[in-house]
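These notes concern the structure reproduced below.
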Amino acid sequence: MASSSGTSSGSSFIQNSGSEEDLQQLMDQRKRKRMISNRESARRSRMRKQKHLDDLMSQVTNLRKENNQILTSMNVTTQHYLNVEAENSILRAQLSELSRRLESLNEIIAVLDANNGLVMDHNEPYSFNFAQNDIMFDGFNVTNSWNYLSANQPIMTADVLQY
């Protein structure tokens with residue numbers, strides 16, 4: 001029996017060693033599958049990250065383009081605003097100057113009325129001939145009366161005409 005037990009223990013050792021080799025091969029195969037699976041998963045993860053990075057870069061490019069368009073629009077609008085402000089300032093200065101001239105003309109008419117002893121209806125239209133620089137009031141040439149006015153009246157300074 002001793003010999004049979006030795007043989008059976010030898011064959012069980014061979015069987016165990018075959019099982020161990022099969023087990024080792026199975027474990028190696030599982031390990032390789034896991035490794036391949038992990039590599040594939042890592043590759044997919046890298047691809048997702050790269051796609052996300054590409055999407056973000058595209059978004060940055062689009063936002064920069066939009067930002068440049070907004071800045072250009074703001075610059076154009078600011079320039080337009082400055083032009084309108086400058087024109088408005090000029091128009092205000094012209095309005096002020098024309099108001100002073102009108103006031104001066106009204107004062108001249110009042111002086112002429114007082115000196116001529118005429119009572120005129122000031123609702124009558126005034127006219128100004130730009131070609132000849134003549135100011136007409138009810139058919140009376142006020143421009144030719146400047147000499148008469150200056151002989152009888154003191155010279156007015158600019159301080160009198162300012163408000």
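The values are calculated or read from the model by the stated rules, or taken from the named source; none is laboratory data. Nothing here was measured: the structure is a model prediction, and the numbers come from that model. Reconstructed Cβ throughout: ideal geometry from the backbone, glycine too, with neighbour counts over all protein chains shown. When the accessible area is computed, the model is the full protein with side chains, heavy atoms only, and any ligands, DNA or RNA have been set aside. Shrake-Rupley method; radii C 1.70, N 1.55, O 1.52, S 1.80 Å.
Computed extension length for N106-L63: 9.2 nm, one decimal, from 0.36 nm per residue of separation with the Cα-Cα distance subtracted. Modelled spin labels at K51 and I36, positioned 7 Å past Cα toward Cβ, are 2.4 nm from each other.
Would you check the accessible area of M47, probe 1.4 Å, heavy atoms only, in square angstrom rounded to 10? Estimated to the nearest 10 Å², M47 gives 110 Å². Multiply the residue gap between R92 and Q29 by 0.36 nm, knock off their C-alpha separation, and tell me the result in nm, one decimal place. Taking 0.36 nm per residue and subtracting the Cα distance, the gain is 13.4 nm. Candidate cross-link partners of K65 among the lysines, defined by an alpha-carbon separation under 27 Å and a same-chain spacing of 8 or more, comprise K49, K51. Applying 0.36 nm per residue to the separation of L82 and R44 and subtracting their alpha-carbon distance, the gain on full extension is 8.1 nm.
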